[in-house]
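For reference, the structure discussed in these notes is given below.
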Amino acid sequence: MEKEVFIMPSHSLIDAHSVAEMLSLNIKTFYRFVQENTDDTFPKPILFGPRLSRWSKEEVEQWIQKKNKR
């Protein structure tokens, strides 16, 4: 049986606290924002387990830039 090889993306992954800080949000407000994300444009988290998720820093930065252009 061959071993599965996982290749990590070349971009950095950040936790919810870091994303909240980038958005100038309180962590509880950030989690509410993620739950209520009605326009479905905010980057999806990468789930590593039931209590461990990370976001692509580059995707979050791109989302912020798009929002600032409006």
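Some notes on this structure:
- Using θ = phi - 60° in the Karplus curve 6.51 cos²θ - 1.76 cosθ + 1.60, the 3J(HN,Hα) couplings for segment 43-49 round to x, 7, x, 9, 8, 9, x Hz; x is entered for Gly and Pro.
- The GluC sites (Glu not before Pro) of the chain that DSSP puts in a loop, and whose beta carbon has at most 15 other beta carbons within 10 Å, are 2, 4, 36.
- In Hz, Karplus ³J(HN,Hα) per residue of segment 19-30 (6.51, -1.76, 1.60; θ = phi - 60°; x = Gly, Pro): 5, 4, 5, 4, 8, 6, 10, 5, 4, 5, 5, 4
- 16 Å reach of a label modelled at residue 62, 7 Å along Cα-to-Cβ, counting backbone N of segment 11-54: 11-14, 40-46
- Those aspartates and glutamates that a straight Cα-Cα span of less than 19 Å connects to residue 67, excepting residues fewer than 8 apart in one chain: 21, 36, 39, 40, 58, 59
- Linear extension gain, residue 33 paired with residue 4, 0.36 nm per residue minus alpha-carbon span: 7.0 nm
- Take the Cα of residue 42, go 7 Å toward its beta carbon, and the backbone nitrogen atoms of segment 10-24 under 12 Å from that spot belong to 16-17, 19-24.
- Mean shadow area of the chain over all directions, Cα convex hull, nm²: 6.2
Where a number appears in this text, it was derived from the coordinates with a stated rule and is not lab data. Computed from a prediction, not measured in an experiment: that's the story for all the values here. Every residue, glycine as well, gets a Cβ built from its backbone with ideal geometry; the counts of neighbours run over all protein chains shown.
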